[in-house]
Amino acid sequence: MTYTSRSAILSGFAETLADFGLSPVPFLRNADLPLAALSEPEMKVSSASVVAMLEDTARETGGFIALGMGTGGRNCIGWGALSFYQLALANS
């Protein structure tokens, strides 16, 4: 079974990466996610791909993205929810 999520879960992803001086494009490509997922919140995306992308960004940012810390408190709640989402998928 393939699990999907609304791409709205990626809200703030590009802005948070920008805080680290990073572009979202390579992370999306590596996870086989379309760039449009950042601007079309109703698009269905692979949940496994979202998790893979979070793992990549966590490695690149020392864990700040996956833990929802961001910088200046930006997107803390949304990215914190994603880390719980990632853990739930990993344990399912």
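The values are calculated or read from the model by the stated rules, or taken from the named source; none is laboratory data. Here the structure is a predicted model, which is why all the values come from computation and not from measurement. We place every Cβ from the backbone using ideal geometry, glycine too, and count neighbours over all the protein chains shown.
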Exercise. What do you reckon, is Leu17 in contact with a Phe, Trp or Tyr (Cβ under 9 Å, 6 or more places away or on another chain), within 14 Å of Ser5 (Cα to Cα) and touching a residue at least 12 places away in the same chain (Cβ under 8 Å)?
Worked result: no
For this session: Return yes when Gly70 is part of a helix (DSSP H, G or I) and either modelled with pLDDT under 85 or charged (D, E, K, R) (or both) and no when it is not.
Result: no
Problem set entry | Scope the stretch 1-36; condition assigned to a helix (DSSP H, G or I) and surrounded by 15 or more Cβ atoms within 10 Å (Cβ to Cβ); matching residues | Ser7, Ile9, Leu10, Phe13, Ala14, Thr16, Leu17, Asp19, Phe27, Leu28
